[in-house]
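> Take a look at the following structure, please.
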Amino acid sequence: QDVLDMEEKSQPWRPPWYERHVQPCLAELLGTALFIFISCLAVVEDSGGTGRLQPALAHGLALGVIVAVLGGI
């Protein structure tokens, strides 16, 4: 009876290799690329009078959007 019970027990579910390794790497790459792109645009398109406010807001908003979009991965 005990042998049959051990054979019927299955291994705990593990996500496929793609979800464990590739998907987080792609999310990191996409998030970093978007963050750097938005940051560079904020610095290049500085309109003079804003000083440090425009790049700071762009960094904060870009980070918030990236976390909201890619946070579930």
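Taken together, the values in this text are just the output of simple stated rules run on the coordinates, not laboratory data. As the structure is a prediction and not an experimental result, all values here were calculated from the model. Cβ atoms come from the backbone with ideal geometry, glycine included; neighbour counts cover every protein chain shown.
> If we count every other residue with Cβ under 13 angstrom of H21's Cβ, Lys/Arg +1 and Asp/Glu -1, where does the sum land?
On the way: positive: R14, R20; negative: E19, E28.
My count for the surroundings of H21 gives 0.
> Suppose each label sits 7 Å from its Cα in the direction of the beta carbon; what would the T50-V67 distance come out to in nanometres?
2.1 nm
> Note down the nm distance, to one decimal, between modelled labels 7 Å out along Cα→Cβ at R20 and at I36.
In this crude label model, R20 to I36 measures out at 2.9 nm.
> Which order do the peptides 30-38, 13-21 come out in when sorted by mean C-beta neighbours inside 10 angstrom, highest first? Intermediate values should be presented prior to the final figure.
On the way: 30-38: 14.1, 13-21: 9.0.
For the peptides 30-38, 13-21, the packing ranking is 30-38, 13-21.
> Return the ratio Rg/(2.2 N^0.38 Å) for region 31-71, where Rg is computed over Cα atoms only.
Numbers: Rg = 10.5 Å, N = 41, 2.2 N^0.38 = 9.0 Å.
This ratio for region 31-71 stands at 1.17.
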